[in-house]
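Structure record follows, encoded as structure tokens.
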Amino acid sequence: MKAKNLVLTGLILSSGAATGIALINKYIKVNAISKHIHSDSDYLCFKWIHGNVYYKKSGSGRPLLLIHDLNVMSDSFEWSKIIPLLSQNHTVYAIDLLGFGNSEKPGMTYTNYMFVQLISDFIKSEIGHRTNVITSGESASIALMACINNSDLFDEMIFINPLRLVDYTQIPGKTARLYHWFLQLPMIGTLTYHIALSRNHVKNGLISENFFNPVLVNEHEIDRCYESSHLGHSPKSVYASIRCNYTKCNVTHSLKKTDNSICIIGGGEIEGIQDLLHEYQACNSSIEVELIPDTKKLPHFEKPNQVYQLIQTYLR
């Protein structure tokens, strides 16, 4: 009888803990998206096989596809300062990749190959022409691998602050696969994600990594990024895939092989940026490089006019 009572007590406590965690998760999510910052109705929809992908289209002229960084806080808004400038000479497509921003966020493993297929299908379906591409951060590998697989879809490419080449070679190890599995757990995995992507974490990430000018990290920008990282069915799935290196792909061989023109723009205040640029040029001597002083990961947000002038010079 005593043993049965202990078991019953344990079950009740476990059930209570599970209910408590579920309520905490629900509260955090509801609070994170309560300001409805991403309720913009100007998005168009690309109905892709794995889920609806939303994007904005503006301007006229040669097509130009903008691909945001692979960061769970990122979406097409990171291009908002430079789109009005680019739209003067280009038909600009700013996409929210599957798993980011306003696009659907299915509970799945997101891989580099999946994003390559998405970009290729998007260009064929929504753009319908060869296009120039500008990427931010890790997404450079997506554009490059898509170009290698379907070179007839791409013209010039501009990579803003891509990863170091060695960082693209990382693969999911045993520890990463275990962590990926843990994050997919319905309650404790979701709570772990919410802790990792707390509003304070978002704020610190913006200040320390994204912007050189701290004035740009205002309350609205923090709320927008915080909301973006909690929208949709399973935002933790793309976070888990990125953290555990499923989105990585070794691009060194592709860089050497490509005939497409490539320009790399670096944030001048990023530690080691000169070494990174030299690394890419050592791999492919035809790659052009430029630095934007007093910027970090998002020079197109901090100094859009200066970045625009570089883009226009290069794409001519």
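The values are calculated or read from the model by the stated rules, or taken from the named source; none is laboratory data. Quick caveat: nothing in here was measured; it's all calculated off a predicted structure. Just the protein is used for accessible areas: all its heavy atoms, side chains included, with ligands, DNA and RNA removed. Shrake-Rupley method; radii C 1.70, N 1.55, O 1.52, S 1.80 Å.
These residues, TRP48, TRP181, go from largest to smallest accessible area, 1.4 Å probe, as TRP181, TRP48. Near LEU291, the amide H atoms lying under 5 Å from its own belong to GLY266; only residues 5 or more places off or on other chains count, and H is placed 1.01 Å from N.
The Rg/Rh ratio of segment 113-172, with Rg taken over Cα atoms and Rh as the Kirkwood radius over Cα pairs, comes to 0.98. Once the Cα-Cα distance is subtracted from the 0.36 nm per residue extended length, the MET187 to VAL30 segment shows a gain of 55.0 nm.
Normalised by 2.2 N^0.38 Å, where N is the number of residues, the C-alpha radius of gyration of segment 39-121 stands at 1.07.
Averaging 1/r over each pair of different alpha-carbon atoms in segment 91-137 and inverting the result gives 11.9 Å, the Kirkwood hydrodynamic radius. Given their separation in residues at 0.36 nm each and the Cα-Cα distance between them, ALA176 and HIS50 gain 43.0 nm when the chain is fully extended.
The slack in the chain from THR252 to SER125, taken as 0.36 nm per residue of separation less the alpha-carbon distance, amounts to 42.8 nm. Past 28 Å, Cα to Cα: identify those pairs from LYS56/LYS124; LYS174/LYS203; LYS56/LYS257; LYS56/LYS303, in the order given. Too far apart for the 28 Å limit: LYS174/LYS203; LYS56/LYS257. Take segment 104-182 with all the other protein chains still there, run a 1.4 Å probe, and you get 40 Å² of accessible area per residue. Here the relative contact order of segment 142-290, from alpha carbon pairs under 8 Å that lie six or more residues apart, stands at 39 percent. Ordered by solvent-accessible area of protein heavy atoms (1.4 Å probe), largest first, the residues LEU44, LEU298 come out as LEU44, LEU298. The Cα-based radius of gyration of segment 209-266, divided by its Kirkwood radius, gives an Rg/Rh of 1.12. Where both bridge residues fall in the chain, DSSP classifies roughly 30% of the beta bridges as antiparallel. Of the DSSP H helices in the chain, those that are both long (alpha-carbon extent of 27 Å or more along the helix axis) and hydrophobic (Kyte-Doolittle mean at least 0.5) are 2-32. Taking all protein chains as present, what is the carbon and sulfur share of the accessible area of segment 86-159, in % to the nearest whole number, probe 1.4 Å? So the carbon and sulfur contribution to the accessible surface is 41 percent. Volume of the convex hull of the chain (Cα atoms only), normalised per residue: 141 Å³.
Surface exposure of segment 247-316, expressed per residue as accessible area with a 1.4 Å probe, stands at 49 Å². Largest first, the three principal axis extents of the alpha carbons in segment 118-235 are 44, 40, 31 Å in whole numbers. Estimated from helices alone, the mean residue ellipticity of the chain at 222 nm is -12500 deg cm²/dmol (sum of -39500 (n - 2.57) over DSSP H runs with n ≥ 4, per residue). Taken over segment 21-178, the ratio of Cα radius of gyration to 2.2 N^0.38 Å equals 1.10.
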